[in-house]
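Nothing in this text is a laboratory measurement; each read-out follows from the coordinates by a stated rule. Treat the numbers as computed from the prediction; the structure is a model and nothing was measured. For neighbour counting, all protein chains shown are included, and Cβ atoms are generated from backbone atoms with ideal geometry for every residue, glycine included.
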Amino acid sequence: MTSRKRTQLPKLPPTPKGDDSPNKSDVFNASERSEIMRRVKSNRNKSTELRLIEEFKKRKIVGWRRNVRLFGHPDFVFPKLRVAVFVDGCFWHGHRCRNTVPKDHADYWRIKIERNQIRDRAATERLTALGYLVIRIWECEFKKANADLLEEKLRPLIEAACRPLEDCLTKEQISD
Ligand SMILES: [Zn+2]
């Protein structure tokens, strides 16, 4: 049996070393902090996950499950294809596209983002070891300008959705 080719994910930058004294991050009390997290998380879930479902539908991608109990809590799991999909908010997960930390409470945010990156990396490694293809989609890849990036990331799902292959090819491609 030949091993399936896995999409190579970019390596995250190493965690910068700095003065991470814990009291520096202590700028919100516990309830303020959980309120911020709750608000950001629910907004993100509503918008980006629904947008990804739209993108799946456009491409006739089927077979996803949500809320699957897997390490790292992927946003979508395709059990038959053994694919796990995460949609990562650019700020929270430290994408370089807008990797600017607000001036206020900068240390708090930086530590938070670094923790998320460590968790993301661990989840990708663990799921890959379990035989999953892990697809991580950045929030900014839903922008029209980044349509090619999104298409490329969804390719394994598009290919799986398009069997038999003739169905995915245009008439021109078939006649070639
Ligand atoms: Zn981004």
Quick check for me: using +1 on Lys/Arg Cβ and -1 on Asp/Glu Cβ, what's the dipole size of the range 52-175 about its Cα centre, in debye to the nearest 20?
360
Given Lys57/Lys112; Lys58/Lys112; Lys112/Lys144; Lys103/Lys153, which pairs have Cα atoms separated by over 31 Å?
Lys57/Lys112; Lys58/Lys112; Lys103/Lys153
May I ask for the distance between the Cα centers of the range 68-84 and the range 105-151, given as a whole number of Å?
14
Report Rg (one decimal) and Dmax (nearest whole number) for the range 52-175, counting Cα atoms only, units Å.
16.9, 60
Name the long-range amide H neighbours of Trp138: under 5 Å, sequence gap of 5 or more, or other chain; modelled H, no Pro or chain starts.
Asp88
Apply 1/(1 + (r/R0)^6) to the Cβ-Cβ distance of Glu151 and Asn29, taking R0 = 35 Å, and write down the FRET efficiency to the nearest 0.05.
0.20
What distance in nm separates the two pseudo spin-label positions at Asn116 and Thr128, each 7 Å out from Cα along the beta-carbon direction?
2.1
Using θ = phi - 60° and Karplus 6.51 cos²θ - 1.76 cosθ + 1.60, couplings along the range 107-123 (whole Hz; Gly, Pro as x)
5, 4, 5, 4, 5, 4, 5, 5, 4, 4, 5, 5, 5, 4, 5, 5, 5
Amide hydrogen neighbours beyond the local backbone of Asp75, cut-off 5 Å, H modeled
Val85, Phe86, Val87
If you take the C-alpha gyration tensor of the range 74-126, multiply each eigenvalue by 5 and take the square root, what semi-axes do you get, largest first, in whole Å?
27, 11, 7
